[in-house]
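The structure appears below as structure tokens.
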Protein chains: 2
Amino acid sequence: MEKKLSHSEENYLKEIFHLSGELHEKVSTNALAERLNAKASSITDMLKKLGEKKLVSYQKYKGCSLTQKGEQIAIYIIRKHRLWETFLVNKLNFGWDEVHDVAEQLEHIRSVKLINSIDELLNFPKYDPHGDPIPDKDGNINYMESKISLSETAVKSKVEVVSVDEDSMALLKYLDEIKISIGTILTIHNRISFDESMEVQIAGGNKMNISKKVADSIGVRFKSKI
Amino acid sequence: MEKKLSHSEENYLKEIFHLSGELHEKVSTNALAERLNAKASSITDMLKKLGEKKLVSYQKYKGCSLTQKGEQIAIYIIRKHRLWETFLVNKLNFGWDEVHDVAEQLEHIRSVKLINSIDELLNFPKYDPHGDPIPDKDGNINYMESKISLSETAVKSKVEVVSVDEDSMALLKYLDEIKISIGTILTIHNRISFDESMEVQIAGGNKMNISKKVADSIGVRFKSKI
DNA sequence: TTTTATTTTTAGACACGCCTAAAAATTAAA
DNA sequence: TTTAATTTTTAGGCGTGTCTAAAAATAAAA
């Protein structure tokens, strides 16, 4: 009864999940088009099909959202993606900027036994190399509640980097250069109102300037006031 | 310039390689159709396309064979297939009858770094779990010269099992049951001319009867006369 | 609230990889 | 060597997933 989905269908579900966020907001056709590098008309076609399959609920001109069944599948794809990334970094010494493209392929491999074995081999990791939570076998996701964006932190606070956006290789390479990684402790010294950039300091290092765009894509957890 | 091939195209190249054997014989349309579970007309279509891409040489009604470029790609796919099978068995404790289907998916993952890392992780294995040689990074294949089929062995000889055909799960399960695996030493006691079956004995075990079909799919190496 | 701009959907097309049915070429048999 | 059987190819069609261009619905601005 359970038909298997195409890579394309799986990607749609995954991206709808990402775009709808933790609040399960509706996702617009254009937003999806951009994320999937496709034209809006193609999105419409696919949403119709996924709608018929009861994987998304979709009404013309009103955007879409995942049904429970669709979300379940999306989470499973994300589980695979993040486990593979963890495998590549932890077992094969890939850099965190090298794993995304390969994981996008590996996430479509169909074998429950395989992915659960990888999970076990890695000792059931809770977070992937970018700090994103790895859904467990039953689809439960352990979001880090205290996590906020670096760009939202108050001046003079001290935070720990817990996640970074994974989809830009350029960002990851840049963070590597400036020595920011998961676990790095940052002190926020100043916020420049002109361009919303921030002056931060790595424990024991020099102060440096971080643009708004970069700060937006770094997730941190509060450590303490200075 | 190097366009990437579809999974389908890769599968065609791989099967042409297998069917043409070590002597690079021409492969017929029907033979391919059977291996690929497709109709002959579909094969013709694809052969035309692969011909245009200079991956196979193809003349109407005359069968096909791989060009150097096509063979190179085929060998690379086979390298990936066999390395993944070895990974599944050696690192994730899959049974040798469980790996084929997953490996058929994994062989299409595009990442040179990934497959070379897996190779290294496995310590550059020479043979996969079914005893087939794993092509190295440069495409060299180390065929075991002294290998023959069990069905060709002389009565009263003693042989070591070095390979088994991997594509039938039923065969692999059966061999598991009768305790034949790579490395098993067999003594050939008799050959029944009526059905061409053989009486063989595992070192320290009982004599048992092996059908022609099964013997055909076991590769052995001569050990010594009794 | 009417007009304008933006978003989304429809309509029609195309490459891919497969199919069936019928024709053509090759091979085997009489 | 002529006929029969088999193999292979052509012709035309179909579902998938994409596209462009044009129409329709919604949202924003005047």
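The values are calculated or read from the model by the stated rules, or taken from the named source; none is laboratory data. All values reported here derive from a predicted model rather than from experimental measurement. For neighbour counting, all protein chains shown are included, and Cβ atoms are generated from backbone atoms with ideal geometry for every residue, glycine included. Quick note on the areas: whole protein, heavy atoms, side chains included, nothing else; ligands and nucleic acids left out. Shrake-Rupley method; radii C 1.70, N 1.55, O 1.52, S 1.80 Å.
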Margin query: Output needed: percent of Cα pairs per 5 Å distance bin for the stretch B:147-225, bins running from 0 to the one holding the longest distance.
Written below: 3, 17, 31, 30, 16, 4, 0
Note to self: Let me check against my output: what whole-number percent is the relative contact order of chain B, with C-alpha pairs under 8 Å and at least 6 apart?
What the structure shows: 15 percent
Margin query: For peptide B:120-126, what's the mean number of Cβ atoms from other chains within 10 Å of each residue's Cβ?
Written below: 1
Next item on the list: Would you mind getting the accessible area per residue of the stretch B:1-153, heavy atoms of the protein chains only, 1.4 Å probe, in Å²?
Entry: 53 Å²
Note to self: So if I average 1/r over every pair of distinct C-alpha atoms in chain A and take the inverse, what Kirkwood radius in Å does that give?
What the structure shows: 19.0 Å
Note to self: I'd like the chymotrypsin sites (Phe, Trp or Tyr not before Pro) in the stretch A:36-83 restricted to DSSP loop residues with at most 11 other Cβ atoms within 10 Å, sorted by number.
What the structure shows: A:61
Note to self: Taking only the Cα atoms of the stretch B:7-66, how large is their convex hull per residue, in Å³?
What the structure shows: 68 Å³
Check: Accessible area lost on pairing A with B, both sides, 1.4 Å probe, Å² to nearest 100?
Finding: 1500 Å²
Next item on the list: Would you please name the trypsin sites (Lys or Arg not before Pro) within the stretch A:95-130 that are DSSP coil residues with at most 16 other C-beta atoms within 10 Å of their C-beta?
Entry: A:110, A:126
Notebook entry, point to check: Which residues of the stretch B:88-119 end up with at least 50 Å² less accessible area in the presence of all protein chains than when their chain stands alone, using a 1.4 Å probe?
Noted result: B:92, B:94, B:105, B:109, B:113, B:114
Notebook entry, point to check: Tilt of helix A:40-52 relative to the longest C-alpha principal axis of chain A, in degrees (0 to 90, nearest 10)?
Noted result: 60 degrees
Margin query: Counting only other residues whose beta carbon sits under 14 Å from that of residue A:48, what net charge do I get with K and R as +1, D and E as -1?
Written below: +2
Next item on the list: Report the charge-dipole magnitude of the protein assembly as shown in Debye, nearest 20, computed about the Cα centre from +1 at each Lys and Arg Cβ and -1 at each Asp and Glu Cβ.
Entry: 340 debye
Margin query: Please report the carbon-and-sulfur percent of the accessible area for the protein assembly as shown; probe 1.4 Å, protein heavy atoms only, DNA, RNA and ligands left out.
Written below: 48 percent
Notebook entry, point to check: Which distance in nm do the two modelled labels at residue A:61 and residue B:137 give, with both placed 7 Å along the Cα-to-Cβ direction?
Noted result: 6.0 nm
